[in-house]
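Structure first, commentary second.
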Amino acid sequence: MNDSIRTPEMTVLLASILTAQWFSSTGNGFLDACGNAVIWAILAAGLLLTLLSLLLVRLAPKRGLLTVCQERKGFFLFPLISFALFSLLAATALRDTLSMLSTFLLPHTPRWFLLLMLLPVIGLAGWLGIASVARSIKLVGPALLALYAVVLVLSVWNQGDVYNFFPLLGNGVPALGKTALSALSVTAWLPMLWIDKPQLEGTGRAGMRAPLYATAISLAGYIAYGLLFSGGGAATTTFPLHRLSAAGGFSHSFQRTHALFVFAWLPVQVAAVGAGICYAARSLHAALPAAPGRILVIPPLALACALGFRDIEHSPMWLNTLLQTNLQSLLVLPLLLPMIVGKAAERRREKEARHA
Amino acid sequence: MRKWAAVLLMAALAMQLTGCYDAVDLGDQIFAINLALDKGETKALRLTMQYPQITPVGKEGADSGGGNSDLKKDGYLIEQVEGDDLSACLTLMRMVTPRKMDLMQLRGIFISETLANSRVTVQECLSALLSTHNARPTATVFLTRGRAEDVLSAQVPLFGARLSKSQSAQSSQLQEQGVITASPLNTFYYCFATPGCSAVAVLTAVNGMQYISAPSSQGTQATSYLAGDVPRNTVGTTDYCGCAVFGDEDLMFLDGYETQLLNLMLGKLRELNMEIGGRTVSLYFPRAPRIKVKPLDPDGPRIAIRVPVLCDVPDAAPYTQRLIDDLATLLLKLQQRKMDPVDFAQRARVSALTLEDWGAMDWPALYARAVFDISIA
């Protein structure tokens, strides 16, 4: 299991995951709430997230969140909370991936078969470790970004209408505020930085750049969407990036947009699932250090598959609630306690070392 | 070694994403090229669909019910069903043509004038087409004078063997001349479903060829005809000329010349032939007109339009003045019928900060008393 992740890879991985979160599962909710004024909500959330990320990275102990929990008596609960958090994030990302494949590429394929196809990939991602996942997404990242830019430009180049953004504030500041808060729920992924702080040469750099890149990429997408569709212009807002590619100029050049859309989006979604499983496994290992690390990939993988298998329409209310990122981000709050305790102990040790 | 095995395994599994599980043989599919919606005789809706007849190379196409009838013409089949709504019609259609139906190749959606008066039905049909039945979002929406099925039956390839190619070529030419509008399904549906927004469809009709001997009523310009009234006798029997503008409760036809003026306002017309006193002059429009809407102007709501015009004759003043007069006439006509196909509302929204402010502004009332200020740049 290779967990020796480096700063550039962490930056790309986190940026990809945040973008996926803002543009796939929650995107239609943002558009329904704000219309094309969603760009302000994303901008505000992105800048706030950057500040929050920087602040929390500075608060994180140098030894890493999980190491602090392992060293302190009674702190075994916090790795378990981290395990639950990342398993739920992986389940949400997996559900989005299955929905995307089922809606656009393989509508007649049973959902269990789609899961079976993805299982080796996500299982391997967890098995090989977060460094392998991050390196893979960093490798294909530039190509995906170029493809994304091509889709955006071709979709709007001769059809974009800047007047679609008026009235500028859409449903008003309160709606924008609520949407920005909802978008901030992606803080659920920030503990990745706190866990891997010892290995990253510049955790602050990753913590600052990743949200900024994600904001820029998501903003570009929503601006293109707004240029093409006035408020409520698309028949449906689900998977806005796909609606953009299917209805705009891109569909004149490339008639079959589904496969290309999935090709560009699938690696990002699978990276999110893989990252969730890797960090869940490492959290579980911190709680059960005696158990072999690789075997502990199985529980979060099984949990993610069990929770993420059903689509939204066929899931019970409690499951849909559990797989909402808004709720999952609340699990980050208890993790602040070992962070504060670890940081305080670190400061104390440094003081003693200086006096000695 | 294990990593390479893992990579090979992933590649092998990724190949399954090509969708062989869902593969559908070409012979098991049917691709609709055109679709017509009319009021039914026994049910609420009559659906007519036109499909290409795909036959093996070198073999004659097998007769499949219809023989030499109108249901089979020039390599295209026509099927017709009636139902209470579009989904019921499509279900019945799947029964009579037991193949997987693909609407992603749709080129034209023809709606009859009679059916267009039933806004709810039209909206439901279009919504179902876009959302449920995955119709091609860029299919063109036509309004037919008379029965839509008659216009659809008259669709034959004019250039070459493929109807879709022929229709696309014809549409491009006519749009370049400006006598028809570009009316893709997704844009049409959005405007149709949005209160205060005026959807525009291409006007079409079957031409009986009677006007070549006894000309129909015509406006002042060479293109001032409605579809169906063009004095001609040519190969194709279908006229595409003019457009139909849908208000909230109203429907209005614009002839070919008025449609050219509308396209000019929308920035889609580059050249216009203007005739005065038997002399025709070409006017060129290098850019789209600049439109400024001031809904809250102290002197009352104002819509200022500056049209850039180039003319290669020295005495262009009468022609440009005529252009201004005709534009004003058209805009006043649309204003009186409370229609806004140019979408001045879009520009007026700049004055509002939120949707609530926009609602409070009451744009329909402002538009009704707006003053147009048209000038040549």
Checklist entry - By average Cβ neighbour count within 10 Å, what is the ranking of B:303-312, B:132-141 from highest down? => result B:132-141, B:303-312
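When you look at the Cβ of every residue in B:347-356, what mean number of other chain Cβ atoms sits within 10 Å? Please list the in-between numbers first.
On the way: counts 2, 2, 8, 6, 2, 4, 7, 11, 10, 5.
Mean shielding count: 6.
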Checklist entry - If the limit is 18 Å between Cα atoms, which of A:LYS197/A:LYS351; B:LYS268/B:LYS333; A:LYS62/A:LYS351 go over it? => result A:LYS197/A:LYS351; B:LYS268/B:LYS333
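Once the Cβ-Cβ distance between B:ALA169 and A:TRP112 is put in as r, and R0 is 60 Å, what FRET efficiency do you end up with, to the nearest 0.05? It would help to have the intermediate numbers written out before the result.
On the way: r = 47 Å, r/R0 = 0.79.
That gives a FRET efficiency of 0.80.
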Checklist entry - Kirkwood-based Rg over Rh for chain A (C-alpha set), two decimals? => result 0.98
Checklist entry - Using unit Cβ charges (K, R positive; D, E negative) and no other charged atoms, how large, in debye to the nearest 20, is the dipole of region B:194-277 about its Cα centre? => result 300 debye
Checklist entry - Per-residue HN-Hα couplings for region B:44-50, Karplus 6.51 cos²θ - 1.76 cosθ + 1.60 at θ = phi - 60°, whole Hz, x for Gly and Pro? => result 5, 9, 10, 10, 10, 10, 10
Checklist entry - Say the dipole of the protein assembly as shown comes from +1 at the beta carbon of Lys and Arg and -1 at that of Asp and Glu; which of A:LEU336, B:ASN117, A:SER102 then lies farthest toward its positive end? => result A:LEU336
Checklist outcome for this item: Restricting to Cα pairs under 8 Å and 6 or more apart, the percent relative contact order of chain B works out to 11 percent
Next on the checklist: Pairs of alpha-carbon atoms within less than 8 angstrom and 6+ residues apart define the contacts here; what relative contact order does region B:270-377 have, in percent?
Outcome noted: 34 percent
Checklist entry - Can you list residues whose amide H is under 5 Å from A:GLY129's amide H, if they're 5+ apart or on another chain and H is modeled 1.01 Å from N? => result A:ASN2
Next on the checklist: Taking 60 Å as R0, compute the FRET efficiency from the Cβ-Cβ separation of B:GLU275 and A:ALA149 and round it to 0.05.
Outcome noted: 0.80
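With the cut-off at 53 Å, report for the protein assembly as shown the share of all Cα pairs above it, as a whole percent.
On the way: 62733 of 268278 pairs.
Cα-Cα pairs in the protein assembly as shown separated by more than 53 Å: 23 percent.
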Checklist outcome for this item: Quick calc, the protein assembly as shown, dipole around Cα centre from Cβ unit charges on Lys, Arg (+) and Asp, Glu (-), nearest 20 debye, gives 3580 debye
Next on the checklist: Could you tell me how far the Cα centroid of region B:322-377 sits from the Cα centroid of region A:279-321, in Å?
Outcome noted: 58 Å
Next on the checklist: Under 18 Å from a point placed 7 Å out from the Cα of B:SER282 along the Cα-to-Cβ direction: which residues of region B:171-192 have their backbone N that close?
Outcome noted: B:173-179
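Within chain A, which whole H helices from DSSP have a Cα span along their axis of at least 30 Å and a mean Kyte-Doolittle hydropathy of -0.5 or more, if any? Each step should come with its number before you reach the end.
Values: long enough: A:38-59 (31 Å, 2.43); A:77-100 (35 Å, 1.47); A:130-156 (37 Å, 1.92); A:203-228 (38 Å, 0.72); A:258-287 (43 Å, 1.24); A:332-355 (35 Å, -0.32).
Helices passing the filter in chain A: A:38-59, A:77-100, A:130-156, A:203-228, A:258-287, A:332-355.
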Item to check | Residue-by-residue Karplus 3J(HN,Hα) for region B:345-355, coefficients 6.51, -1.76, 1.60, Hz, glycine and proline x | outcome: 4, 4, 6, 5, 5, 4, 6, 9, 8, 10, 5
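Provide the packing ranking of A:276-285, B:193-202, A:13-22, B:37-46, i.e. peptides ordered by the mean count of other C-beta atoms within 10 Å per residue, highest first.
A:276-285, A:13-22, B:193-202, B:37-46
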Checklist outcome for this item: Taking a straight Cα-to-Cα line shorter than 19 Å from B:LYS3, and setting aside same-chain aspartates and glutamates fewer than 8 residues away, one finds A:ASP3
Item to check | Average partner coverage of B:244-251, which counts Cβ from other chains inside 10 Å | outcome: 0
Next on the checklist: Give the aspartates and glutamates whose C-alpha is closer than 17 Å to that of B:LYS294, dropping any in the same chain fewer than 8 places away, or say none.
Outcome noted: B:ASP340, B:ASP343, B:ASP357, B:ASP362, B:ASP373
Checklist entry - By per-residue mean of other Cβ atoms within 10 Å, what is the highest-first order of B:90-99, A:80-89, A:132-141? => result A:80-89, A:132-141, B:90-99
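No value in this document is a laboratory result; all are computed from the given coordinates. Computed from a predicted model, the values in this text were never measured in an experiment. So basically every Cβ, Gly included, is an ideal-geometry build from the backbone, and we count neighbours across all protein chains shown.
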